[in-house]
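Notes follow once the structure below has been shown.
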Amino acid sequence: MPVTKDIYVGGKWLPSTSDRSITVHSPSTEEPVAQVPDASAEDVDAAVAAARRAFDEGPWPSQSPAERAKVMEALLTELTARTDELTRTIVTENGTPVMLARAAQVDNALDVLRYYAELAATTPAETLRAGRYSPAVVRNEPVGTVAAIVPWNVPLFLAMMKLAPALAAGCTIVLKAAPETPLNSNLLAEAAHAAGLPPGVLNVLTAGAQVSEHLVTHPGIDKVAFTGSTAVGKRVAGLAAAQLKRVTLELGGKSAAIVLDDTDLAKTMPRLVGVTMSMSGQFCTAQSRVLVSRERYDEAVDRFAAAAGNLRVGDPFDPTTFIGPLISARQRDRVLGYVDIGRQEGAVLVTGGGRPEGVDRGWFVTPTVFRDVTRDMRIAQEEIFGPVVAFIPFDDIDDAVAIANDSTFGLHGTVWTEDVARGVEIARRVRTGTYTVNGLSLDPAAPFGGVKSSGLGRELGPEGLSAYLESKTITVPVGSTLPGFA
């Protein structure tokens, strides 16, 4: 088992000051696969100090966006060369099946980096506005040092959703990797070093909750970008608010898929399985509530359950596996606990709800489908983060929209129909930050984020870059001639 005692701080691999370590386990075999430092408060201080120096004294913030874009392109080249290694590493760390891992875990991350490198190359640092009373130079300046805290489910992609716009803006970063999946973040650090990122621009730590709070509240941090549970997000928001730190939060979801009567269920239900059961349901945009009219409800449930029941569960390195393990024994037990809750509340278990036969190792749960679910049941209201889907009948479109909106969350949703224009009209009525007609899509060029308990702010798109910039206005006298402006 590889044992790493160093952390990446200030452009160097330095010994951690911590006497604690984190053992990384394969969720599919339960075996230990690596050991990394459990960073101390002193490690956090060192990482923040390095990021602070790189921002206050280093070249990165003062470079033009185009100059930063060239370094980001070099990072893209280095990460692309490590695609296979990154894929294998993430499959080992979090159990994403290899048939999904490259596209979902690595390629998506590279697309985000590519998008922001291109955006940086074309985004001016300053613009001149005529103004109502006098001209003004409007500058886009980096917000400063960023604490980026990411979870274990899509670690590289979610890290890049923070890292890429922060780099494009000219910020410096302390990346706090999830303790379950630190190895891909160390590979990211290696790639950044090889790409020539200036020392201190990216620093990488692995630590638990207590040290994470020290990072969030550190006076040297100007902005916090966090992805994770709503409960922890509220804690992060409170800590950041006390110091008026900028904050972006991408939190939980309980997304609803509305299936209209005009859709072809034979085609739609297998596709819905993909957007509910991928990565064993461990993704925040999972369509874990499926809403179908009473007229087509039985057929939809039967077709979906048949497709879900045929999914291969097991070794994530087997190219035919679609359902891998949950991240931990604790998460498996939590999901199975919700299965019991669903039964107790009166929902009918159609398929799944247990551990797969013949698999004696790994934290697996079979694809689980409930029918006769009412909108007030806990399995219809609470984020389970596992391969559990609740089918809820609706009377008409108004009823469907009301059920979809009956949630404390508002991250994503989908509608399935042959009439795209009608689907867009329904999308406008559902209160979420993102929505998809006939599929599940996140585009690097379009903003992503939630409303209600699903978060604050937006990632991706130009909006994601704006989250790492501060606008400065410099007013000048009427008739002034300024170099660099026509």
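The values are calculated or read from the model by the stated rules, or taken from the named source; none is laboratory data. Everything numeric here is computed off the predicted structure, so don't read it as measured data. Heads up, the Cβs are rebuilt from the backbone with ideal geometry, glycines too, and the neighbour counts pull from every protein chain shown.
Structural remarks
- Candidates ARG375, ARG428 - the one that is in a loop (DSSP other than H, G, I, E, B), without any contact (Cβ under 8 Å) to a residue 40 or more places away in the chain and of a type in the set (Lys, Arg): ARG375
- Residue in segment 199-211 that is under 20 Å from the mean Cα position of the chain (by Cα), modelled with pLDDT under 95, of a type in the set (Gly, Ala, Ser) and assigned to a loop (DSSP other than H, G, I, E, B) present: yes
- Top-ranked residue in segment 107-138 [being of a type outside the set (Ser, Thr, Tyr) and either part of a loop (DSSP other than H, G, I, E, B) or not assigned by TED's automatic domain parsing to the domain that holds THR83 (or both); ranked as surrounded by the fewest Cβ atoms within 10 Å (Cβ to Cβ)]: ARG132
- Meets criteria (among the β-branched types (Val, Ile, Thr), at pLDDT 95 or above and touching a Pro at 6+ places or on another chain (Cβ under 9 Å)) for THR414: no
- Positions within segment 1-16 being farther than 20 Å from PRO198 by Cα and either surrounded by 15 or more Cβ atoms within 10 Å (Cβ to Cβ) or among the charged types (D, E, K, R) (or both), in sequence order: THR4, LYS5, SER16
- Filtering segment 343-367 to residues that are in contact (Cβ under 8 Å) with a residue 40 or more places away in the chain and not in a loop (DSSP other than H, G, I, E, B) leaves VAL350, THR351.
- In the condition set (1) within 26 Å of the chain's Cα centre (by Cα); (2) buried (at least 18 other Cβ atoms within 10 Å of the Cβ), GLY238 is compliant with all but (2).
- Test for GLU93: is it among the charged types (D, E, K, R) and crowded, with 24+ Cβ neighbours inside 10 Å: yes
Conditions (1) in a helix (DSSP H, G or I); (2) assigned by TED's automatic domain parsing to the domain that holds PRO27; (3) of a type in the set (Asp, Glu), marked per residue:
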| position | (1), (2), (3) |
| --- | --- |
| ASN140 | no, yes, no |
| ALA148 | no, yes, no |
| LYS162 | yes, yes, no |
| GLU180 | no, yes, yes |
| ALA194 | yes, yes, no |
| HIS214 | yes, yes, no |
| ALA237 | yes, yes, no |
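- Yes/no for ALA39 being closer than 24 Å to PRO182 by Cα, in contact with a helix residue (DSSP H, G or I) (Cβ under 6 Å, 6 or more places away or on another chain) and of a type outside the set (Ser, Thr, Tyr): yes
- Residues that are of a type outside the set (A, V, I, L, M, F, W, C) and touching an Asp or Glu at 6+ places or on another chain (Cβ under 7 Å) within segment 377-410 comprise just one, ARG378.
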